[in-house]
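Asks: Below is one structure. I have some questions about it.
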Amino acid sequence: MISFSAPLWLLGLALVPVIYWLHRTAVVTQSTVLAHLQHWPASDPPGPANGKRSADPAWRRRALLTALLVLALAGPRTHGNGQRVTLWVDDSVSMLTKEAGETRLGAALAQAQAEVAAASLDSTVRTLSDPWRDWGPLTTTVATAIAAQAGKEPAKWEVALLSQTAAHWLVTDTADPAVLDWPGGKRPDRVITAGKETRNVGIQSVSARRSPATGRSLEVAVRVTNGGTVTESRDVAVAALQGESWETVARWPLVLAAAESKLLSASVPDSARIAASLTPGDALATDDRQELDLRPLARRGIAVDRSCPAGIAAAVRAHPALELADGSRSVAAWACGSSTNSTLPTIRLVTTQPPAAITGALQWSSLIPGELRASLDGAAMQTAGTLAPLRSADRALLSVGGVPLIARRGTEPPSLEVAIDLSAPQSGKAAHVPLLVNLLFEQLLGEPLLDAVVSLDRGPRAVMVTPASNLPSPLLQASVTAREGRWPDPVPMLLAVALAVLVWELTALVRLGRGPSPARLDA
Amino acid sequence: MLDLRDYTLGDDVRAIDWRQTARLGRPIVRRFETPAADDWVIVIDASSSMATHGAEKWAAATRAAAAMAFALLDIGGRVAVMAFGNRPVLEIPAGRGLRQYDLIMRKLGAFNPLPSGEGSHCASCASRLPRSASVLLLSDFFADDGMVSGLTTLRESCRSLSAIQLVDPRDALLPVGEAVLAVDAETGERRPLKADTATLATAAQARTSATHRLQRFCALQGVPFSTWRIDDPWQPALIGHLRSAHGQ
């Protein structure tokens, strides 16, 4: 960007077309007698029929000289008179606190923009949440864009981002003192602060999991933190999305001392989405309501072959993350006998021989977590058949004496084969069947099915809005000057070029007075 | 009789002037007009184009004319000098001997061509030329037709004609980068010119082409023709021209 200290001088640039016009229309007073004019080409056809005359080529250097002098007189200042400043904008949640009808972020950016303009600085903007992105000069558009994406906590960044040729100003509310601790022990040259509000209670985290006891309800935990400096009272409510409407399913009155945090929990009906909210609201509305998407906790539909032992269907029905489903709603299948559904991940029970006790130690693959191995008792299990020989892409998950009892086949979609008897009466009553069913489906689907939790944790800093009161005063002074940038003052350069053009003009005038030079005579 | 000179071995004894021999005490012979020493007319271009750039072309032409006249007078020739512009502007009648040379030098030295308005009409001298005369024409040949018509007229009016073109390189130069109002020295025609490199090159090419046309014309007409760049010494130019003329 270029600005001018005396822009009225730029009106002098209007002389350039005047100079051109004068060189076109003025009578050429420099006459030269030629021995024989017919040898010279007619470079400027005379007469009104043509009507156009080309200007004396000397107009270019005279116009250039004029333009350079006018520009030098106007006092151009490139990029803020050579001074640059990087504005590091704290765009965390606390900057969204509303005070006097405006967010702290908006007020701070407006103040920074005014100071940058007043000092004619060349600014560039970076945010603490994404310090690697250069937003360019601070403009109203940039300020609006930053405000639109604000609400993210500061990221860790490297000292290499601190330009040596620019001053560094921090725009923050100082609610999080850590934003002043820059990498490499650096400190900002200046801090532009915003905000005075010291009261805020916010929802720090919300989490939910399916109840292991019933499998039909959800256990919800809400952590509420008082980020202000005085004791606050709030009503905490949890609502569940039932169809198209929200239904309050839990409510707590709450009194929190300054900086106190409490964890509230409740069992709520199954839902695709829950919301925790605080009433009354406060200056930071962002943390007064938090929603949580519970779709990751939805039960997976399993299609169980009718010919399978009843214990398998019972185990699927009892599993908190599984449910029996027909083929269209199922994500996996359990096949027994010859019937298979090749479009879904499938567990196939192999029953090729009468049940027989397992003799020997169980040999688990390293893919099976240790706690699952320990919960399965080999003495309570019986073999029901012999698996087909393993191919190179297959993997044995459980073997006894080198004979695989559970194997993963290298097929697409994935499939498991099980040669353990699950039809014996004692097997249905035994504890190992549900555990084995859980183990097999976790291996088949590639994700943990028990203790799945969805959570939204914003961290303890997300509710802190109280500005720091002990900032060093030099950081707050507006008189901190930006460092000299890499752009030199252009005025001397313009004057040097103008002087060169003037020498050129004088040389041409001298040559004009002398006539053709001796060098040209030899040409 | 042309004049007297000392006797040298081989001179015809019948040419001894006994009265002068007796008076001077050494053998003196008479020199007579011979058929080899014809009448010569040196015709010089005195148009305004010869007066440009300090009239150096005119000065060079007078130097060459004087040298040629001296040589011709020295071998017993009869030499007349004429200068022309739009019409004959100087005429020195034919004569012999050193007195003629003195006359030629005095009159040429006193004459200056007009700096403007004087054209190049060499044909205006044709009616004053003796038909038996040999003519040497010194000119820059700057005319719309390259003076071809004038050369033709002169050629038909004399026994023989030869021509030397005087070339001043400054005639094809202008200060580059300037717009000037160019004025033709002879016609007074005015025209604005943009003196860029292309214009200068075009002018130099036009002059070279005109010289080539003149050379071809003279070759066809049997007129010995040579060019002399006036910043070169005149002696080699003149000797070279005479040699080429003798060769023809």
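The values are calculated or read from the model by the stated rules, or taken from the named source; none is laboratory data. Note that this is a predicted model, so its numbers are computed, not measured. No Cβ is skipped: glycine too gets one built from the backbone with ideal geometry, and neighbour counts run over all protein chains shown. For accessibility, only protein heavy atoms count, side chains too; no ligands or nucleic acids. Shrake-Rupley method; radii C 1.70, N 1.55, O 1.52, S 1.80 Å.
Asks: Can you give me the long-range amide H partners of A:LEU456? Hydrogens built in the peptide plane at 1.01 Å from N, cutoff under 5 Å, separation of 5 or more residues or another chain.
Replies: Answer set, sorted by chain and number: A:VAL206, A:SER207.
Asks: Farthest toward the dipole's positive end in region A:262-321, which of A:PRO320, A:PRO296, A:CYS308, given Cβ charges of +1 (Lys, Arg) and -1 (Asp, Glu) about the Cα centre?
Replies: A:CYS308
Asks: Angle, helix A:15-25 long axis vs. longest principal axis of chain A, Cα atoms, 0 to 90°, nearest 10?
Replies: Roughly 50 degrees, rounded to the nearest 10.
Asks: While we're on this one: What list of ³J(HN,Hα) values in whole Hz, one per residue of region A:317-333 in order, does the Karplus curve 6.51 cos²θ - 1.76 cosθ + 1.60 (θ = phi - 60°) give from phi, with Gly and Pro shown as x?
Replies: 5, 7, 6, x, 10, 10, 8, 6, 8, 7, x, 6, 9, 8, 9, 8, 9
Asks: Under a 5 Å amide H to amide H cut-off, with H placed in plane at 1.01 Å, what residues pair with A:ASP122 once short-range neighbours are removed?
Replies: Close amide H contacts, sequence-distant or interchain: A:GLN83, A:ARG84, A:VAL85.
Asks: Please give the charge dipole size of region A:201-297, origin at the Cα centre, charges +1 on K and R Cβ atoms and -1 on D and E Cβ atoms. Round to the nearest 20 debye. Kindly include the intermediate steps, with their values, before the conclusion.
Replies: Values: 10 positive and 12 negative charges, 73 e Å.
I would put it at about 340 debye.
Asks: Roughly how much accessible area, to the nearest 100 Å², goes out of reach of solvent when A and B pair up, both sides summed, probe 1.4 Å?
Replies: 3200
Asks: With a 10 Å radius around each residue's Cβ, average the other Cβ atoms per peptide and rank A:398-407, A:497-506, highest first.
Replies: A:398-407, A:497-506
Asks: Right, something else. Carbon and sulfur atoms: what percent of the 1.4 Å accessible area of chain A do they account for?
Replies: C and S fraction of accessible area: 58 percent.
Asks: With n ≥ 4 as the cut-off for DSSP H runs, can you work out [θ] at 222 nm for chain B, using -39500 (n - 2.57) per run divided by the number of residues, rounded to the nearest 500?
Replies: -12500 deg cm²/dmol
Asks: Follow-up. Just checking the output field for A:121-131: average partner chain Cβ neighbours within 10 Å of each residue's Cβ?
Replies: 0
Asks: Place a +1 charge on the Cβ of each Lys and Arg in region A:252-295 and a -1 charge on the Cβ of each Asp and Glu, then give the dipole magnitude about the Cα centre in debye, rounded to the nearest 20. Please list the in-between numbers first.
Replies: Working: 4 positive and 7 negative charges, 24 e Å.
Its charge dipole is roughly 120 debye.
Asks: Within a 10 angstrom radius of each residue's Cβ in B:48-54, how many Cβ atoms of other chains show up on average? Whole number is fine.
Replies: Counting other chains' Cβ atoms within 10 Å and averaging over B:48-54 gives 3.
Asks: Apply the Karplus parameterisation 6.51 cos²θ - 1.76 cosθ + 1.60, with θ equal to phi minus 60°, to every residue of region A:127-140 and state each ³J(HN,Hα) to the nearest whole Hz, in sequence, with x for glycine and proline.
Replies: 3J(HN,Hα) across region A:127-140, in whole Hz: 9, 6, 6, 9, x, 7, 8, 9, 7, x, x, 6, 10, 4.
Asks: With a 1.4 Å probe and all protein chains kept in place, how much accessible area does A:VAL453 have, in Å² rounded to the nearest 10?
Replies: 90
Asks: Now, a different point. Taking θ = phi - 60°, what integer Hz values does the Karplus form 6.51 cos²θ - 1.76 cosθ + 1.60 yield along region A:220-230, in sequence order, with x for Gly and Pro?
Replies: These are the phi-based 3J(HN,Hα) values: 10, 10, 10, 9, 10, 10, 8, x, x, 10, 10 Hz.
Asks: Determine the residues within region B:190-213 where the difference in accessible area between the chain on its own and the full set of protein chains amounts to at least 50 Å²; count protein heavy atoms only and use a 1.4 Å probe.
Replies: Flagged in region B:190-213: B:ARG191, B:PRO192, B:LYS194.
Asks: Sticking with this one: Give me the percent relative contact order of chain A, please, defined on Cα pairs under 8 angstrom at least 6 residues apart. Walk me through the intermediate numbers first.
Replies: On the way: 1021 pairs, mean separation 86.6, N = 523.
It comes to 17 percent, rounded to a whole number.
Asks: Right, something else. Show me B:142-154, B:207-219 ranked by packing, highest mean number of other Cβ atoms within 10 Å first.
Replies: Values: B:142-154: 19.8, B:207-219: 15.5.
With the highest mean Cβ count within 10 Å placed first, the list reads B:142-154, B:207-219.
Asks: Here's a follow-up. For region B:76-161, what % of the accessible area comes from carbon and sulfur atoms, probe 1.4 Å? Don't skip to the answer; put the middle values down first.
Replies: Details: 1930 of 3800 Å².
So the carbon and sulfur contribution to the accessible surface is 51 percent.
Asks: Residues of B:182-189, mean number of Cβ from any other protein chain within 10 Å of their own Cβ, rounded to a whole number?
Replies: That average works out to 5.
Asks: So, taking all protein chains as they sit and a 1.4 Å probe, how much accessible area belongs to A:THR141, in Å² rounded to tens?
Replies: Its accessible surface works out to 110 Å², give or take rounding.
Asks: Hey, if we sort A:LEU65, A:LEU34, A:LEU13, A:LEU495 by accessible area with the 1.4 Å probe, largest down, what's the order?
Replies: Output order, biggest surface exposure first: A:LEU495, A:LEU13, A:LEU65, A:LEU34.
Asks: With the other protein chains left in place, how much accessible area per residue, in square angstrom, belongs to the protein assembly as shown at a 1.4 angstrom probe? Numbers along the way, then the final one.
Replies: On the way: 37510 Å² over 771 residues.
Here the residues of the protein assembly as shown average 49 Å² of exposed surface.
Asks: Given a 10 angstrom Cα cut-off, can you work out which residue in B:PRO130, B:PRO236, B:PRO93 is the most mobile in a GNM of chain B?
Replies: With Cα springs under 10 Å in chain B, the top fluctuation among B:PRO130, B:PRO236, B:PRO93 is at B:PRO236.
Asks: Continuing with this model, one more query. What's the magnitude of the charge dipole for the protein assembly as shown around its Cα centre, counting Lys and Arg as +1 and Asp and Glu as -1 at the beta-carbon? Answer in Debye, nearest 20.
Replies: 2180
Asks: Kindly provide the helix-only [θ] at 222 nm of chain A, computed as the sum of -39,500 (n - 2.57) over DSSP H runs of four or more divided by all residues, to the nearest 500 deg cm²/dmol?
Replies: -7000 deg cm²/dmol
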